[in-house]
Amino acid sequence: MFNELIDRLNRLVQKEVTWQGIAARFPGWITGEVGEPYRPTFFLWGDPVGKWISKPKMLRPDEASLEGILNNLVSACEEARGRPKQLALKDPELAILLRQPLAQAGVAVVHREQLEIESVAKHLTRNFDSSPIPGLLKGQDVDIDKARAYADAAAHFYRSRLWEHLIDDDLIQIESPQAPPGLAFTCVMGAAGRTYGIAFTESLAARDRLMSNGPPASQKTWHWSLTYDIAQHVPVPDHDLWEDHAFALAAPDAYPTIMGYGPNHQYSAPSAPALAYVEGLLLALAQTTEDEIDTGRWEKTVQTIGGEITYVLSLPDLLRALAGKSAGNLETRQPFLAQNSMEKALLNVKRLMRTQKFTSAADMNQFLKEHMSDPDKLAPEPQTPLERAQDVMFEAFEARGRRQVQLARAALAICPDCADAYVMLAQRGSDPERARELFVKAVAAGERALGEEVFRDSIGHFWGITETRPYMRARAGLAGALEKLGRYKEATDHYREMLRLNPGDNQGIRYILLPALLHGRHLHEAHRLLDDPQYRDDSSAAWLYGRALLAFLREGNSAGARSKLIAAVKENPYVPSVLLSTDGLPESPRSYSPGSPDEADVYANEVNDLWTKATGALEWLATTVRELKKKKIPATSKKKKRR
């Protein structure tokens, strides 16, 4: 092949001209035949004096070998009907690679720092690069050295895995040094195992407004964040930076992107001072220990590209809690708090009733009527270690951030049979295996606390018995952790057992069991679950789309399967676009109503893996929706708008 290329070149007339050649990465990603995205390299060859430029030809990474590049050049020469006397290249490595083989065709290869043809390549890349997010070097006074220092700090922070100890509810105040605008408070993202990095806010009040879906403080507010992602999701100029200058990278999916998002959908890159501030902050956070976090305030001195800087960091919510003050704005957790307040009230009433001797049912009912409105008022002190530990956990439910960890550990120190304490610790980590281990301990603690008699005599009534709820939460958490680890059979067994213990299904386990059954191809059991009169549901996306997918798995593209899918689309028309999106899954909202876009987001997060792995399911969904639109069948009988 190599000799054939040289022969083709030698057959062309040699012209007394100097060509220039340049290789540039395509400013975007292409999905190959096997589904792996890649950035091809395109080559431009031409004679700037004669004003002739070859058509850009792109090579896949596996084609960019000596033979592939030579073939690309020979094709350009054949297009120009001649070979040059000399070829000038900017890339010194490319010049070395081509010098010897081209000498056999009488073409001299030279290296030059500047080429006229560069402007053409820049014009082409500018036309193709449509990302609104600017690259790191677009920041004022940011150069390669400053960018490299930031990259080193970002990799150091990622490897520290601070999200194992802090969640996005733990707002960190940077008390010193003075922060650039909008960067005085930050939080660590990653505990949920999806988006990793840090997010900034201007104040405690701004955080609370954001968490409660309130309006921003100002329409001119800029929001800053640093997130880690795969190469395809970072600005192309930044990917070039990391590739060309061998910047530090903590993991293949940990390219850092720092950006500001402002009014009118504007994006901004940080200036050199702001980038240096973030560099130091990342280093300070990376060196932070769990013991330091638990003090509520700590300081770190770090060496940055600009010199030594001392950061004083604090957790205002934790300091407030340690001082005996309330946790502040709890609006975002009101449904959860209401549920646990009811549990606390029921347990306190039971404690009260233990101190009473009733002579009749009427006496008992009168007592309950008098005390249910305020069961805390006369509740006796807890009598057992488990009761004391559970009271600590009720306090933990009302706390926020790191204080919850401290209280959960305090509860376990009082009583190792406190299942809710293990559950809370498990829910805060991003490592599914570590979560599974804690949930296993939670289930075992719940079993010890309840005793064999409850499991023997109370089957069918779990959850109705208040004391069983920590155990049921623990078992649901364990099943969810097993699913994340791909252990679907074990997870399904837990879900089945939970429905056996509590057929009333106050926890909505049936909605999780259905996709688990479909994933495991337990199609007959899934059919029985869907047809169970006790669980009939004609409005939820989980049930309607689950019924449609079950029909497709059993019958393929049958008329019955299509009719079930059409019924699902009519009830919630937003689900297909979320499942078929190539932009990744949206964040799950905290609440939703049937038929809404929020319900579609929740459903897609729960079952995306199922639809993706069911052969042909997404194609069937897309085809059916297209046919639905062509026939102009109303997608929904309700008036709904995407927010």
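Summary of packing: across the peptides 531-538, 546-553, 40-47, the per-residue average of other C-beta atoms within 10 Å ranks them, highest first, as 546-553, 40-47, 531-538.
Against the criterion of solvent-accessible heavy-atom surface with a 1.4 angstrom probe, 4, 525 sort, most first, into 4, 525. The share of accessible area on segment 513-561 that comes from carbon and sulfur is 49 percent, using a 1.4 angstrom probe. Multiplying the residue separation of residue 444 and residue 2 by 0.36 nm and subtracting their alpha-carbon distance yields 152.3 nm.
Computed across segment 499-582, the Kirkwood radius stands at 13.4 Å (inverse of mean 1/r, all Cα pairs). Note on segment 472-540: semi-axes of the ellipsoid equivalent to its C-alpha gyration tensor, largest first and rounded to whole Å, are 19, 15, 10.
Mind giving me the FRET efficiency for residue 466 and residue 410? R0 is 30 Å, r the Cβ-Cβ distance, nearest 0.05 is fine. Efficiency for this residue pair is about 0.85. The distance linking segment 559-574 with segment 141-183 is 47 Å (Cα centroid to Cα centroid, whole angstrom). Summing Cβ point charges (Lys, Arg +1; Asp, Glu -1) relative to the Cα centre of the chain gives a dipole of roughly 2080 debye.
Farthest toward the positive end of the dipole of the chain, out of 516, 233, 203, is the Cα of 516, where the dipole comes from beta carbon charges about the Cα centre. Subtracting the Cα-Cα distance of residue 585 and residue 365 from their residue separation scaled by 0.36 nm leaves 74.1 nm.
Solvent-accessible area of residue 405, all protein chains in place: 10 Å² (probe radius 1.4 Å, heavy atoms, ligands and nucleic acids excluded).
Hey, any idea what % of segment 592-631's accessible area is carbon plus sulfur with a 1.4 Å probe? Looking at segment 592-631 in its full context, I get 51 percent from C and S. In the chain, the calculated helix contribution to ellipticity at 222 nm averages -15500 deg cm²/dmol per residue, counting -39,500 (n - 2.57) for every DSSP H run with n ≥ 4. The packing ranking of peptides 137-148, 222-233, highest mean first, is 222-233, 137-148, where packing means the average number of other beta carbon atoms within 10 angstrom of each residue.
Put simply, the C-alpha atoms of segment 35-158 give a gyration tensor, and the ellipsoid matching it has half-axes of 32, 17, 17 Å, longest first.
Here the simple spin-label model places points 7 Å from the Cα toward Cβ, and for residue 265 and residue 79 these points are separated by 3.5 nm. Heavy atoms of the protein chains alone define the surface here; on that basis the chain has 50 Å² accessible area per residue at 1.4 Å probe size. Once the C-beta distance of residue 49 and residue 111 is scaled by a Förster radius of 22 Å, the resulting FRET efficiency is 0.70 to the nearest 0.05.
Farthest toward the positive end of the dipole of segment 423-481, out of 468, 440, 430, is the Cα of 430, where the dipole comes from beta carbon charges about the Cα centre. Sorted into 10 angstrom bins from 0, the C-alpha pair distances of segment 1-103 split as 14, 47, 29, 9, 1 percent. Accessible area of residue 581 (1.4 Å probe, protein heavy atoms only, ligands and nucleic acids ignored): about 50 Å². For the pair residue 310 and residue 245 in one chain, pulling the backbone fully straight at 0.36 nm per residue adds 20.5 nm over the alpha carbon distance. A simple spin-label model places pseudo-atoms 7 Å from Cα toward Cβ; at residue 164 and residue 612 they are separated by 2.5 nm. For the chain, the Kirkwood radius over C-alpha pairs fed into Stokes-Einstein at 37 °C and 0.692 mPa s yields D = 111 µm² per second.
Over the chain, Cα pairs under 8 Å with separation of 6+ residues give a relative contact order of 8 percent.
The values are calculated or read from the model by the stated rules, or taken from the named source; none is laboratory data. Predicted model only: the values in this text are computed from it and were never measured. Every residue, glycine among them, receives a Cβ derived from its backbone with ideal geometry; neighbour counts consider all protein chains shown. Calculation scope for accessible area: heavy atoms of the full protein, side chains included, ligands and nucleic acids excluded. Shrake-Rupley method; radii C 1.70, N 1.55, O 1.52, S 1.80 Å.
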